[in-house]
Amino acid sequence: MSKTSGVLMDLGRSPHARLRPVPLTAVEFADGVWAPRRATIREETIREQLVQCEKTGRIDNFRRASGRREIADHQGLVFNDSDVYKALEAAGYALMEGVSPELEELIEAVIDEIAAAQQPDGYLNTAFMFNRASARYTNLTQEHEFYCYGHMIQAAIAHRRGTGRDTFFDVAIRVAEHLVATFGPGKRDATDGHEEIEMALAELYRETDERKYLDLAIDFLDQRGKNPSVIPDRPRRREREYYQDHLPVREQSEVVGHAVRAMYMTTGMTDVILEGEDAAMEAALHRLWDNTYSRKAYVTGALGARYEGEAFGDNYELPNERAYAETCAAIGAVFWNWRMLARYGDAKYADAMETALFNSVISGISLDGQGYFYMNPLASPGGYARDSWFECSCCPPNVARLLMSLPGYAYSTDDDGLWVHLYVSGSVAADLGERGRLAMSVDTEYPWDGAIRLKLAEAPGGPTTLALRIPAWADTAELLVNGEPAGVEVVPGSYARITREWAAGDAVSLELPMRARRVRSHPRVLNNRGHVALARGPIVYCVEEADHADVDVYDLGLPPDATIASHHEADLLGGVTVLEAEGVELNGKPTNLYQEQPFAALGATGSTPLKAIPYFVWANRGAGKMRVWIPEA
Ligand code: FUB
Ligand code: ZN
C-alpha cells in the first residue's frame, strides 16, 4: 500500500506548504449538495463515462494501439485518451471509498487495455501509432501529447492511492521515465501547447521522491515564452498567448489565452513554488491571481469570456449570454486556488475556490448526474441544455474527478492544528502528529443555512488551533465555544483561530449571516451597468423562465428598495433555498431598434413576482430563458 493511500495531494514534505491536506478517507460528507452528487458519480456516472468512452471508440483506440483489435483508424480527437484517464482518476478517488465489484472490474479492465498499448520505449498516445508514429512530438503545440500524459499520471496516482495496486502506476512511471529520457536540458527542448503535465509531474515527484520529475515540470514551464523555434511558423503574439507562450512564465502579469490552459499553467506554477524557493514565480502568480479576480472572473467564479479560442477576454470583458465559461476552466481555478491556499493559508483563495465550486463547477453537471454543460453562460435566450457527452468531452470527466476528490479540499492541517475551508455536514478525523487526532462532527445545512455546529469526538493533546474560514461576505459572523463567545477575532475574509486545550464533547458554533445580497459589478463591465446579481452565502442566483410564466425573464427588473425574502423549498431541484421579491416588468417590446427619443416605454409597466433560484441548478427544468444580472429598475 502506498504511503499516500487516500490522499489527494501529498504536501506532507513540501517545504513551502503552509497547509497540508487531510486525506479524503478521513472526511465524510453527509450534506444535501455534495453528498448526493458524489454518490451519483460514484455509483453511476463513472461507469456511464467509461461506457461512453467505449461507445465512442476511446477505449478501442487503446486496443488498436496494442494490436488487440484490428481497427483502421484512430477514433475521434487527438486528445481523446485524456477523457479515459480523467474518468479513471475519478474512479481512483471512488475506489478510496469503495465501489461495486462490477465497476472495479470494469476499471481494471480499462487499465489493462491502456497498459497493453504502451510502447516498448514507454511512449503511449493512441493517436500516434502506425501510420502516424513518425509524427510523435512533431506538433506539441497542437497535439496534446504531454497533456494526455499529465492526465494519465494523475489518474495512475489516484488509482494507486485508492487501491494500493501499481498496475496503472507502473505504466505512468514508464511514461515519466520516457519523458525524462527524451526531454529536458541537454535533450529535446519542448513544451506542450496545453499545460497539464506540470502538475502531474509535481505530484509524481511527491509520490516517488524522484526529483527528476519535478525538475522536468519546471523545465517545461521554463520553456514557455522563450522557445519560439518549436512553434510552427512563429505565429503572431495573439496566437502565442492562446497557449501562454508569449512571455516567460515569471514575466506574465495578465491571464490570457485559452482559459483552461491558463489555469493549468498557474496550477503547475503553484506546485513548483510549493516545492522550492522561486520568488519570481511567486510574484508572477500573485500578479496573475490579482488580474484574474479583479478583472476577468465572472461573479459565478467562471473564467473565459470568449468563444474564440475558449479564451480570456480583455480586462472587464465579461459578456453574459456569450460567456464561454468552460466548466474545465472553473475546475482549473479550483486546482489553482487550492494550491495557493496550501502555500499561503489566505482565505481569499478558499473563497474563490468555494465560489467556483458552488456556482460554475456544479452548474456543469445536471441534477441526475447524466448531463453536462461545456459552456456556463450567465444569461440564456433559451434553447441551451446540458448534453450527455460531447465530441470534445473534456468537461464531463473533469467534473467527475473533482467532485470525487472534493472531501480532500475541505480541511487542512498545520503544525498548530486543523483548518476548515468548506463547511459540509459530516465529519473529519485529522491526524495532528504528536498531538494525536482531532475528530469532530459537522452539523449544518450550509449553504442554505449559516448555522454551523462542530462537536469534538476526539481531542488532541495540548493547545491546538481550530482555524475556521470566515467568508468575505460574512460581515456579522458570530463564533461561540461551548456556548460562550470564542474571544477571538472574527474577520470576514480570514480564518478565525481558536487555540485552546480541547476536550471531547467541546462544541463550536459558527453563525454566518445568510441574508440575500445585491452584488454590483465594476462599471467597466459595460453590460452589467445598472444591473445587480443576487447572492446569498456562497450561492449566486438567477431568474429562470420556469418560475416566470407571466413575464419574460429578459423583461424582469428589481426595484432598488425591494425586500428580498428567502425560503427553502425541499422539493425543488433537489432542495434549494430560493429568493423572492416584488419585481417589475419592464416593457421589452419597443418597436424600433434605434431611435433618437429615449425609450420611455422601457420603464416598469407593473409589478410582478420575481423568484430567483441558485444558478447552479438552472436548466434542470427545460431549456428556458435565464439571467443572472437583473436590471435594478
Ligand atoms: O484541448 C483539451 C481540452 O479540450 C481543453 O482544455 C478544452 O478547452 C477543450 O478544448
Ligand atoms: Zn472542458
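The values are calculated or read from the model by the stated rules, or taken from the named source; none is laboratory data. Small disclaimer: the values here were computed from a predicted structure and weren't measured. Ideal geometry is used to build each Cβ from the backbone, glycine not excepted, and the neighbour counts take in all protein chains shown. The accessibility values were calculated without ligands, DNA or RNA, using every heavy atom of the protein model including side chains. Shrake-Rupley method; radii C 1.70, N 1.55, O 1.52, S 1.80 Å.
Assorted remarks:
- Gyration tensor (alpha-carbon) shape descriptor, the chain, a/c threshold 1.5: oblate
- Across segment 31-409, C-alpha contacts under 8 Å between residues 6 or more apart give a mean separation that, scaled by the residue count, equals a relative contact order of 16 percent.
- Remark: the chain carries 36 Å² of accessible area per residue (probe radius 1.4 Å; ligands, DNA and RNA excluded).
- Segment 470-532: GluC sites (Glu not before Pro) falling in loop per DSSP and having at most 16 other Cβ within 10 Å: E489, E501
- Sites T605 and D121, calculated FRET efficiency, Cβ-Cβ separation with R0 60 Å, nearest 0.05: 0.25
- Cut-off under 5 Å, modelled amide H: who pairs with T608 long-range: G583, V584, E585
- Where trypsin sites (Lys or Arg not before Pro) in DSSP loops with at most 10 other Cβ within 10 Å are excluded, longest remaining stretch of the chain: 237-633
- Relative contact order of segment 412-511, taken over Cα pairs closer than 8 Å and 6 or more residues apart, is 27 percent.
- Efficiency of FRET from Cβ geometry, F390 and N315, R₀ 30 Å, rounded to 0.05: 0.50
- Isotropic mean projected area of the C-alpha convex hull, segment 31-409 (nm²): 17.8 nm²
- The loop-placed GluC sites (Glu not before Pro) in segment 54-110, going by DSSP, that have at most 13 neighbouring Cβ atoms within 10 Å of their Cβ come out as E70.
- Element breakdown for the chain at a 1.4 angstrom probe: carbon and sulfur atoms account for 48% of the accessible area.
- Length-normalised contact order for segment 1-76 - Cα pairs under 8 Å, 6+ apart - percent: 16 percent
- Prolate/oblate/rounded label for segment 412-511 (Cα gyration tensor, a/c 1.5): prolate
- Of the residues V488, W389, L512, the one whose Cα sits farthest toward the positive end of the charge dipole of segment 385-512, with +1 on the Cβ of Lys and Arg and -1 on the Cβ of Asp and Glu, is W389.
- If R0 is 60 Å, the Cβ-Cβ spacing of E489 and Y594 corresponds to a FRET efficiency of close to 0.60.
- Loop-located chymotrypsin sites (Phe, Trp or Tyr not before Pro) across segment 91-131 with a Cβ neighbour count of 10 or fewer within 10 Å are lacking, with loop assigned by DSSP.
- Note on the chain: lysine pairs with Cα distance below 19 Å, sequence gap of 8 or more or different chains, count 6.
- Modelled spin-label separation between D290 and D449, with each label point placed 7 Å from Cα along the Cα-to-Cβ direction: 4.2 nm.
- Placing pseudo-labels 7 Å out from each Cα toward the beta carbon at K226 and E308 gives an inter-label distance of 3.1 nm.
- Extension gain for R211 to E97 (0.36 nm times residue separation, less C-alpha to C-alpha distance): 38.0 nm.
- Anisotropy class of segment 244-293 from Cα gyration tensor, a/c 1.5 cut: prolate
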